[in-house]
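Peer 1: To start, I am sharing the structure in question, which I have written as structure tokens.
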Amino acid sequence: AAEFVDIDSCIPTFNEWDDSEHLKTYIQVTQDDNEEEEEEEALLEQPPNLSEALEMMRKLHLFASIEQPQLHNLISDLESQLTDIYL
């Protein structure tokens, strides 16, 4: 079995390296990539049409009636603003 296993003697044993700098760099690069992807997606995403927006508002009203009754006034105001924007 030894002929199938190739051990790299240059690799330090567990916890011998101080990887904190490498991890910080990796995390920063990963976060930068994610931010760029989110910006690209935001630019490509189309706003919903009027019927989709009204359907979302209907679902919000249903949710508010079950879970958060105090939100009805806020949702109604939002619905009228959305209608004004689309018309």
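The values are calculated or read from the model by the stated rules, or taken from the named source; none is laboratory data. Computed from a predicted structure; not experimentally measured. Here Cβ is always computed from backbone atoms with ideal geometry, including for glycine, and neighbour counts include all displayed protein chains.
Peer 1: Count, please, the residues in region 48-87 that happen to be loosely packed, with under 12 Cβ neighbours inside 10 Å and of a type in the set (Val, Ile, Thr).
Peer 2: Summing the residues that are loosely packed, with under 12 Cβ neighbours inside 10 Å and of a type in the set (Val, Ile, Thr) in region 48-87 gives 2.
Peer 1: Tell me, yes or no, whether region 47-70 has at least one residue that is in a helix (DSSP H, G or I), touching an Asp or Glu at 6+ places or on another chain (Cβ under 7 Å) and at pLDDT 65 or above. So that I can check it myself, show each step before the final result.
Peer 2: From region 47-70, those in a helix (DSSP H, G or I) are 50-66, 69-70; that's our starting set.
Cutting the leftovers down to touching an Asp or Glu at 6+ places or on another chain (Cβ under 7 Å) gives us 57.
Now drop any that are not at pLDDT 65 or above, which leaves 57.
Checked region 47-70: at least one residue is in a helix (DSSP H, G or I), touching an Asp or Glu at 6+ places or on another chain (Cβ under 7 Å) and at pLDDT 65 or above.
Peer 1: What is the one condition in (1) part of a helix (DSSP H, G or I); (2) modelled with pLDDT under 85; (3) surrounded by 10 or more Cβ atoms within 10 Å (Cβ to Cβ) that Trp17 does not satisfy?
Peer 2: (1)
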